[in-house]
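Chemist: Below are the structure tokens for one structure; questions will follow.
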Amino acid sequence: MAPGISILSEVKNINKKFEKYALKRAIVVIPLLLTVLSSLSALGRSDEILPFEERYQTMDWEDIVAEADGQTLYFYMWGGNESYNRWVSSWFAGRLMEKYNVHLQMVPVDGPGVYINKVLAEKQAGRNSGGSVDLMWINGENFRAMKKADLLFGPFADRLPNISYMDESKLEFDFGYPIEGYESPYGAAQSVFEYNSARVPDPPSDMGALLEWAKENPGRLTYPAPPDFTGSLFVRHVFYYVAGGYEDFMGPFDEEIYSRIAPKVWELLNEVEPYLWSEGKTYPSNLSRTQDLLANGEIWFSINYSPDGAADYISKGRFPESIRTYMFDTGMIGNLNFLAISFNSNAKAAAMVAANEVLSPEVQYHAASPEGMFWMSPLDMERLPETYRRKFESLPLAPSRLPAETLNRFSLPEPGADWLTRIERDWQAEVLRK
Amino acid sequence: MTVLKRIILLGLVIGVILPMIPLFVWAFSGSWFYPSLLPQSLSLRSWSYVFHPGSRILEALFNSFFIAASVTILSLIVGVPAGKAIGMYRFKGKTIVEIILLSPALIPSMTVTMGMQVLFIRYGLSETLMGVILVHLIPTIPYMTVSMSAVFSHFDISFEEQARSLGAKSLSTFRHVTLPAVFPGMVVGAMFSFLISWGQYVLTLMVGGGRIVTLPLLLYSFAVSGDNSLVGALSLVFIIPSLVILVLSSRFLTGESSGMGGFGGV
Amino acid sequence: MNRNTAAWLLTAPALIPVLILFFGGFGLGILQSFSFFPLIGLDTPNFSAYTEVLAEDELLLSLVLTLLVSLSATFLTIALAVTAALALRSAERGRRGILFLFQFPITVPHVIIALGALLLLSQSGFAARLTAFFGIISDSTDFPVLVNDRLGLGIIYVYLWKQIPFIGIIALSVLQSMGNDYEELARSLGAKQSQVLFHVILPLMRPALLPGSVLCFAFTFGSYEVPFLLGRSYPSMLPVLVYRYFTNFNLVQRPLAMALAVLITLFLLVTVILYKKFLGGRNRL
């Protein structure tokens, strides 16, 4: 692993290195012409005022808003849900345009790997401003990777006025990794099981019971193969089940605890494997393939991070009406997802304005409503003005959606990211390949 | 024998059409669950999304078309002379030239993408239309030069000389003698260039990022989403323009003077 | 101006972008695979990415699967393309229509047809519904696993769908330029239909089909889109492994991705050279 680690640590100070290694560039056959062109384009820039990065900490919020005026903001996000795309690109973008004259351009991509690679390549090429990515939808392992490689701008979250609607304790760690103001909340996720109520009137109440149920109903349960995120969510629940709770996994990775729990987990999963869909010979590659199996009645359970996903799908006709959601009595994992700003964005003020706006109760309320995108709000209801708290409470609940109290009461925290990495890697070796 | 031939042709027709059927039906479906052979409900949901300005699909359609057309023209400009040199002349280093020009079709693109990305950023070409066009040009070059070298290798240079000796000017020699002879190769090369650019995902993503949105970028973001109805609709948006291209070039693909013959001699 | 200079001048506009951008990118990729990238301060090249990739226990299985899929896709493509071309050559009724349909797959990108194949071949897909409708299967699990399967059947199907027309059209144009003379001569000498096919037609087509099939082989061996959508979780094909290294949230894995990609390229180049040596005959390349 040595070469890579040095990538992470030495991504810094690229510009200096650039000059130093100018000679070595000749290794790559690069025409003089292009060099001239690129230096010409660099001449156009001038830096009379201090860059935003050095001022924003002391600026008033109004001045940040004023600076954002007229900026164009490229927002990179996973683009696989039409409802999200519509809401962001029209309702939310329209609002930003109207209120702040900020032009938000949604860039739908197939996963966070895309923008991480992009920002990384820009850093490697020494492009320290004018980056192509401004704002990103991110959390967990991806956030950690980007922050470690100095690819993010920050800290900025504490500068957002609307951050006061958040419970501070939720702003400290993202999958056990310190946030330190380098991302601000966007939405919440609370995992639930989607199940076919026409087939299973009374779903099993914890992971142990579910695995037993699978043995009695061969072929009707499966989960996406980790490192798919939803797949690893399923496996994380098996870890909590075997350990009898989440507490063991909250600290930094502990080999002693791990080697006590993990073998039992792999044993359980291998024991149930022949009774899974396709006799456990293969696993669906992602959540949507799993949901497709659920929609077509091939399987009867599917774990999902979004408690509103089933309602969204039923409204689009992608799920039959009989799909419901439920949670284990022993609780299920929930987390937050965030917005982060790239280190080389030229629209940092606009990105902060957007990150702040998305945390306003009015915007969150619209996102959560059926006209919005079936969104789960990260805001702390206790801190909202009375009117908004009522509005949130009176949101109509789809039959498949659990009430907010249930979601909150049975919510468990995520394990630290180090645990996750290890779990995902070992699942491949211990379950998939055996 | 004719029975066998009919079976083969029938199998061909079915094999080609079959995977397109669910895509087509899904494009207009709301719910369509197993084991139903027909959708439970029809819906224009995905089409309302296609025409929704926020989806950027129409913008992408325009971009894709503009880029593919520019790539095709550029590819002709650089590929026709190269094809002529390879098809008609014997020269020192010819094998090397051929290998270099073919390599974008032989070397897996992922080997070069990462490095190309850094080059394009470094030289200010990323996130620009010009950069996207330039990067799409690369994989079209092998196909264009092969098509062109094939038609030029059959082209008898004495025709040109005769025309000139009869007093024709170079331009009219080209128009009346050279062009008709190599036209089928140009059409086939142009068709491949257009389609390669039209379907390009990785290279667009790498160079154009999100600033330049093309159809494959939008299609890919839905590819693993499981939204079959949208996948179906986007696929139709994608296929129809390329079908038009095929209609325009179809008769040059087969037949005696086919421009495809060149791929036999790669 | 002598002929050499003229030829080089004519090829220069095509050579320059390929050399600068493509081979420039290739060069940078190779440097990165040796964990050598002066721009970010990695200035001591080493083999650690290679040793780590070669120690990956999925590698061997993955190579076997990749070879299995790409070789069978290539050979089936040739066999079916020649069959189709022979049938199409003398088809009378509806020839234009069938020909057009035959060319149609060339215009469809791989990702679309991979998604189409998924909707067609999965256990709750259109084909399963058809067989259920005719009472052949009673439950979706009775339908054979054709996508995300052990042998890569779904992947092979998509490559066949895309490549048969490509090779078929080449075969057809060779057949047409060949005319009927050889066959008639052979037949007049008393050769049977099968003898004409195996001893006259196929040998005449061989030199034209081999290069196209190298392009097909290189493509199936080195691209990840189709196996990514239709492959199995384990083992996955080599390009999917590269993709997995490349998009891993752990940025440490980037040199591994490049090392494996370079190994795949080397393997392909060796294959092409061997092909040229043993099968290439009088062909260029």
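Chemist: Can you find a residue that is more than 14 Å from chain B (Cβ to nearest Cβ) and modelled with pLDDT of 90 or more anywhere in region C:105-116? Spell out the reasoning first.
Modeler: To start, the set of residues in region C:105-116 that are more than 14 Å from chain B (Cβ to nearest Cβ) comprises none.
No, region C:105-116 has no match at all.
Chemist: Can you tell me which of C:L241, C:L209, C:L175, C:L230 is in contact with a Gly (Cβ under 6 Å, 6 or more places away or on another chain), buried (at least 19 other Cβ atoms within 10 Å of the Cβ) and not β-branched (V, I, T)? Spell out how you get there, then give the answer.
Modeler: Working: C:L241 fails: in contact with a Gly (Cβ under 6 Å, 6 or more places away or on another chain); C:L209 fails: in contact with a Gly (Cβ under 6 Å, 6 or more places away or on another chain); C:L175 fails: in contact with a Gly (Cβ under 6 Å, 6 or more places away or on another chain).
C:L230 is the lone residue from the list that is in contact with a Gly (Cβ under 6 Å, 6 or more places away or on another chain), buried (at least 19 other Cβ atoms within 10 Å of the Cβ) and not β-branched (V, I, T).
Chemist: Quick one: which of C:A128, C:A132 is open to solvent by 20 Å² or more (accessible area, probe 1.4 Å), in a helix (DSSP H, G or I) and farther than 24 Å from C:T77 by Cβ?
Modeler: Numbers: C:A128 fails: open to solvent by 20 Å² or more (accessible area, probe 1.4 Å).
After applying the criteria, what remains is C:A132.
Chemist: For region B:114-128: of the residues being open to solvent by 10 Å² or more (accessible area, probe 1.4 Å) and within 7 Å of chain C (Cβ to nearest Cβ), which is nearest to C:C216 (Cα to Cα)?
Modeler: Among residues in region B:114-128 that are open to solvent by 10 Å² or more (accessible area, probe 1.4 Å) and within 7 Å of chain C (Cβ to nearest Cβ), the one nearest to C:C216 (Cα to Cα) is B:M114.
Chemist: Does C:P165 meet the test of being without any contact (Cβ under 8 Å) to a residue 12 or more places away in the chain and either open to solvent by 10 Å² or more (accessible area, probe 1.4 Å) or not aromatic (F, W, Y) (or both)? Give the steps one after another, and end with the answer.
Modeler: On the way: without any contact (Cβ under 8 Å) to a residue 12 or more places away in the chain: no; either open to solvent by 10 Å² or more (accessible area, probe 1.4 Å) or not aromatic (F, W, Y) (or both): yes.
So C:P165 fails the test.
Chemist: Can you find, within region B:104-141, the residue that is farthest from C:L266 (Cα to Cα) among those that are assigned to a loop (DSSP other than H, G, I, E, B) and among the hydrophobic types (A, V, I, L, M, F, W, C)? Please lay out each step first, then the result.
Modeler: Filtering region B:104-141 down to residues assigned to a loop (DSSP other than H, G, I, E, B) leaves B:107-108, B:123-128.
Now restrict to residues that are among the hydrophobic types (A, V, I, L, M, F, W, C): B:107, B:125.
Numbers: B:I107: 9, B:L125: 29 Å.
Out of the qualifying residues, it is B:L125.
Chemist: For C:L99, are the conditions met, namely being out of contact with any strand residue (DSSP E or B) (no Cβ under 9 Å at 6 or more places or on another chain) and in contact (Cβ under 8 Å) with a residue 60 or more places away in the chain?
Modeler: Here the answer is no, as C:L99 does not meet what is asked.
This table checks each residue for (1) within 14 Å of another protein chain (Cβ to nearest Cβ); (2) in a helix (DSSP H, G or I); (3) at pLDDT 50 or above.
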position: A:S6; (1), (2), (3): yes, yes, no
position: A:S9; (1), (2), (3): yes, yes, no
position: A:K24; (1), (2), (3): yes, yes, no
position: A:V29; (1), (2), (3): yes, no, no
position: A:S39; (1), (2), (3): yes, yes, no
position: A:S89; (1), (2), (3): yes, yes, yes
position: A:G94; (1), (2), (3): yes, yes, yes
position: A:M97; (1), (2), (3): yes, yes, yes
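Chemist: Considering only region A:286-320, state which residues are facing another protein chain (nearest Cβ under 10 Å), closer than 24 Å to A:P218 by Cα and of a type outside the set (A, V, I, L, M).
Modeler: Of everything in region A:286-320, those that are facing another protein chain (nearest Cβ under 10 Å), closer than 24 Å to A:P218 by Cα and of a type outside the set (A, V, I, L, M) turn out to be A:N286, A:S288, A:R289, A:T290, A:Q291, A:D292, A:N296, A:G297, A:E298, A:F319, A:P320.
Chemist: Here is a follow-up. Which of (1) in contact with a helix residue (DSSP H, G or I) (Cβ under 6 Å, 6 or more places away or on another chain); (2) part of a helix (DSSP H, G or I); (3) not hydroxyl-bearing (S, T, Y) is the odd one out, the single condition C:E184 does not satisfy?
Modeler: Unmet condition: (1).
Chemist: Here's another thing I want to ask about it. If you go through region B:82-103, how many residues are closer than 17 Å to C:V272 by Cα and either open to solvent by 20 Å² or more (accessible area, probe 1.4 Å) or in contact with a strand residue (DSSP E or B) (Cβ under 7 Å, 6 or more places away or on another chain) (or both)? Don't jump to the end; show me each part of the working.
Modeler: Let us first name the residues in region B:82-103 that are closer than 17 Å to C:V272 by Cα, namely B:95-103.
Filter once more, so that each one left must be either open to solvent by 20 Å² or more (accessible area, probe 1.4 Å) or in contact with a strand residue (DSSP E or B) (Cβ under 7 Å, 6 or more places away or on another chain) (or both): B:95-96, B:98-100.
Adding up the residues that qualify gives 5.
Chemist: Find all pairs meeting these conditions: Cβ atoms under 7 angstrom apart; at least six residues apart or on different chains; first residue within region A:195-222 and touching a residue at least 40 places away in the same chain (Cβ under 8 Å) and closer than 21 Å to A:S400 by Cβ; second residue among the small types (G, A, S) and surrounded by fewer than 16 Cβ atoms within 10 Å (Cβ to Cβ).
Modeler: A:N196/A:S322; A:S197/A:S322; A:A198/A:S322
Chemist: Filter region A:305-326 for residues that are open to solvent by 20 Å² or more (accessible area, probe 1.4 Å), of a type outside the set (F, W, Y) and touching a strand residue (DSSP E or B) at 6+ places or on another chain (Cβ under 7 Å) and give the result.
Modeler: Those that are open to solvent by 20 Å² or more (accessible area, probe 1.4 Å), of a type outside the set (F, W, Y) and touching a strand residue (DSSP E or B) at 6+ places or on another chain (Cβ under 7 Å): A:S306, A:I314, A:S322, A:R324.
Chemist: Looking only at region B:156-177, decide whether some residue is open to solvent by less than 10 Å² (accessible area, probe 1.4 Å), under 15 Å from B:V80 (Cβ atoms) and of a type in the set (S, T, Y).
Modeler: First, pick out the residues of region B:156-177 that are open to solvent by less than 10 Å² (accessible area, probe 1.4 Å): B:173.
Cutting the leftovers down to under 15 Å from B:V80 (Cβ atoms) gives us none.
Checked against the condition, which is being open to solvent by less than 10 Å² (accessible area, probe 1.4 Å), under 15 Å from B:V80 (Cβ atoms) and of a type in the set (S, T, Y), region B:156-177 yields no hits at all.
Chemist: Looking at B:M191, B:M186 in this structure, which one is open to solvent by 30 Å² or more (accessible area, probe 1.4 Å), in contact with a Leu (Cβ under 8 Å, 6 or more places away or on another chain) and away from chain A (no Cβ under 14 Å)? Walk me through how you get there before you give the answer.
Modeler: Values: B:M191 fails: open to solvent by 30 Å² or more (accessible area, probe 1.4 Å).
The conditions single out B:M186.
Chemist: Here are some conditions: (1) within 7 Å of another protein chain (Cβ to nearest Cβ); (2) touching a residue at least 24 places away in the same chain (Cβ under 8 Å). B:G131 meets all but one. Which one does it not meet?
Modeler: (1)
Chemist: Also: State the number of residues belonging to region A:270-290 that are in a helix (DSSP H, G or I) and at pLDDT below 95. Don't jump to the end; show me each part of the working.
Modeler: Within region A:270-290, the subset in a helix (DSSP H, G or I) is A:270-275, A:277-280, A:287-290.
Checking which are at pLDDT below 95 leaves us with A:277-280, A:287-290.
Counting residues in region A:270-290 that are in a helix (DSSP H, G or I) and at pLDDT below 95 gives 8.
The values are calculated or read from the model by the stated rules, or taken from the named source; none is laboratory data. Here the structure is a predicted model, which means the values were calculated and not measured. Glycine also receives a Cβ, built like all others from the backbone with ideal geometry; neighbour counts cover every protein chain displayed. To get the accessible areas, we keep the full protein, side chains included, count just its heavy atoms, and leave off ligands, DNA and RNA. Shrake-Rupley method; radii C 1.70, N 1.55, O 1.52, S 1.80 Å.
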